[in-house]
């Protein structure tokens, strides 16, 4: 029987099979570590030597245990969400678990929004959406982890809101939480190697402790997998289409009723009835939008998804759920939001429909621009 070995940094059980799970260590590193007695998992190794935090994925049960830990402590909860994918980056049940604790909501990836989008509108929208899922954030901060935008302000907000307490940073996978924490560490400590790793007692869940001057800690927690994120249906090569890295350049299409826009093969927008008007699309600059007739659009998709309409690729198409229709009657300027992909601004009046893979949300909001 093989001996169970644990990482001396975070306490996770060492394993060599799944690089996305806690405790992963390449075989060569495992052999070397056993010789020296200094056995770290790859995540801790990268953390110690490069100040680099990477996310690990957890099961739902693991995450519920973690939320209980957070809920039982008197702490500030910093919930990082993706501005582009609020619905896909909400942690199910978070409001229930942290009911006694203050929540600071951080909207990440602000730099992707066109400059014409006002911060106040985004903040208001995020606050309203948070209220809908039962969260009452003490504040909302917009950041960009990637280009280190508003990191100083975020630290200032955390300092004010925590009032001497510990801080737990939580978020689902793919929201940029680890990049954000790395940016905060750099801001707080320069390049000094002051990060330590620890774990919750009695479990193999690791949390990363960033010590603060007053003896409290910021705890980074592993990312929970949210089943209804568009990201789960795409390969690493095609993730760029739903995780833009540059500011989005809007494209306007003059459509007559009875026309359809395909969003690659990941979504579809139908203009069902209304006067001819301009529809402005806000998606990754490289995502190809294809205009066709509404009549026959379903057959067109069946024929061309994975070839003319990409992403997804042919291989990804097999795992992509069927597109589901969400119909809306629009009276005023409104955004039709395809969760995790982008949005289309409708001037109205019009009856329109948004299609997305089953489980991925299509919602409407008052136009941001």
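The values are calculated or read from the model by the stated rules, or taken from the named source; none is laboratory data. Nothing here was measured: the structure is a model prediction, and the numbers come from that model. Here Cβ is always computed from backbone atoms with ideal geometry, including for glycine, and neighbour counts include all displayed protein chains.
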Answer from 339, 322 - the residue that is surrounded by fewer than 18 Cβ atoms within 10 Å (Cβ to Cβ), outside the structural domain of residue 84 (by TED's automatic domain parsing) and touching a residue at least 12 places away in the same chain (Cβ under 8 Å): 322
Which residues, taken from segment 21-56, are at pLDDT below 80 and in a loop (DSSP other than H, G, I, E, B)? 22, 37, 38, 51, 52, 53, 54, 55, 56
Among the residues of segment 93-113, which ones are within 17 Å of the chain's Cα centre (by Cα) and either part of a helix (DSSP H, G or I) or without any contact (Cβ under 8 Å) to a residue 40 or more places away in the chain (or both)? 93, 94, 105, 107, 110, 111, 112
Yes or no: segment 114-125 includes at least one residue that is in the same structural domain as residue 182 (by TED's automatic domain parsing), surrounded by 22 or more Cβ atoms within 10 Å (Cβ to Cβ), assigned to a helix (DSSP H, G or I) and in contact (Cβ under 8 Å) with a residue 12 or more places away in the chain. no
Restricting attention to segment 57-88, and to residues there that are closer than 29 Å to residue 164 by Cβ, touching a helix residue (DSSP H, G or I) at 6+ places or on another chain (Cβ under 9 Å) and at pLDDT 85 or above, which single residue is surrounded by the fewest Cβ atoms within 10 Å (Cβ to Cβ)? 75
Can you pull out the residues in segment 343-361 that are modelled with pLDDT under 95 and buried (at least 24 other Cβ atoms within 10 Å of the Cβ)? 360
Assuming residue 18 fulfils every condition listed in (1) modelled with pLDDT of 85 or more; (2) surrounded by 15 or more Cβ atoms within 10 Å (Cβ to Cβ) apart from one, which condition is it? (2)
Could you please let me know if residue 145 is over 19 Å from residue 218 (Cβ atoms) and either within 20 Å of the chain's Cα centre (by Cα) or without any contact (Cβ under 8 Å) to a residue 40 or more places away in the chain (or both)? no
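Kindly evaluate residue 224 against the criterion of being under 30 Å from residue 69 (Cα atoms), modelled with pLDDT under 95 and surrounded by 16 or more Cβ atoms within 10 Å (Cβ to Cβ).
So residue 224 passes the test.
Among the residues of segment 126-137, which ones are surrounded by 15 or more Cβ atoms within 10 Å (Cβ to Cβ) and either farther than 16 Å from residue 170 by Cα or touching a helix residue (DSSP H, G or I) at 6+ places or on another chain (Cβ under 7 Å) (or both)?
126, 127, 129, 135, 137
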If you check 120, 99, 116, which single one turns out to be closer than 20 Å to residue 131 by Cβ and at pLDDT 85 or above? 120
Pair list, Cβ under 6 Å, 6 or more apart: segment 30-59 residue closer than 18 Å to residue 179 by Cβ, other residue at pLDDT 75 or above and surrounded by fewer than 16 Cβ atoms within 10 Å (Cβ to Cβ): 52/46; 57/20
